[in-house]
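These notes concern the structure reproduced below.
The values are calculated or read from the model by the stated rules, or taken from the named source; none is laboratory data. Everything quoted here is computed from the prediction, not taken from an experiment. Because the Cβ atoms are built from the backbone with ideal geometry, glycine has one as well, and the counts that use them run over all protein chains shown. To get the accessible areas, we keep the full protein, side chains included, count just its heavy atoms, and leave off ligands, DNA and RNA. Shrake-Rupley method; radii C 1.70, N 1.55, O 1.52, S 1.80 Å.
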Amino acid sequence: MPTTRKESLYFGLIMCFGMVLVMTLYNFYLNDTFGQISFFGGITEFILGFMVAIILDLYLVGPVAQKIAFRFTANTNNMLFKVLTISSCMVIGMAFFMSIYGLVISYVHNGFSSNSIIKDYLSVFGKNFIVAYPLQLIVMGPLVRFIFTKFIKTTPNNLV
């Protein structure tokens, strides 16, 4: 896990890149946009989503999720429990805000044609959460932690 501000930035960048990439492709599939959006349009959507996600991760969701998770894990030394708690808080927060972002982008592209924004939001949040949570816990979390500890984390063993 990151211990310095620089390490936290690198960890957040890698995690956001992976999560936003997969979730962007998933949402293209859900909205049947693969045949309708150009490659450049898809890259643009990814970059915008990544910028929103990294800002949320670094300045809003990340700090709040860590405070909440540390309250839940204050009386334990179990690292797995701490990692799972932080990851769970992060996914809930990011899915909440990124679903708002996705709904706004959808309304911009397709126009507003619904009777209930709340129903639309809950539908988008639910669809995103059921993919983002296992993606984070089973795939991206372990993969990014491996990449981070192997190539970025500064320890006495990998100092030059």
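Can you go through 144, 64 and tell me which one is surrounded by 15 or more Cβ atoms within 10 Å (Cβ to Cβ) and either in contact (Cβ under 8 Å) with a residue 24 or more places away in the chain or polar (S, T, N, Q) (or both)?
Only one candidate qualifies: 144.
Looking at segment 8-21, which of its residues are open to solvent by less than 50 Å² (accessible area, probe 1.4 Å) and modelled with pLDDT of 90 or more?
Matches in segment 8-21: 11, 12, 14, 15, 16, 18, 19, 20.
Among the residues of segment 112-133, is there at least one that is over 18 Å from residue 24 (Cβ atoms), open to solvent by 30 Å² or more (accessible area, probe 1.4 Å) and either in contact (Cβ under 8 Å) with a residue 24 or more places away in the chain or within 13 Å of the chain's Cα centre (by Cα) (or both)?
Checking segment 112-133: not a single residue is over 18 Å from residue 24 (Cβ atoms), open to solvent by 30 Å² or more (accessible area, probe 1.4 Å) and either in contact (Cβ under 8 Å) with a residue 24 or more places away in the chain or within 13 Å of the chain's Cα centre (by Cα) (or both).
Consider residue 138 carefully, then state whether it is surrounded by 12 or more Cβ atoms within 10 Å (Cβ to Cβ), out of contact with any Asp or Glu (no Cβ under 9 Å at 6 or more places or on another chain) and within 24 Å of residue 11 (Cβ to Cβ).
Answer is no for this residue.
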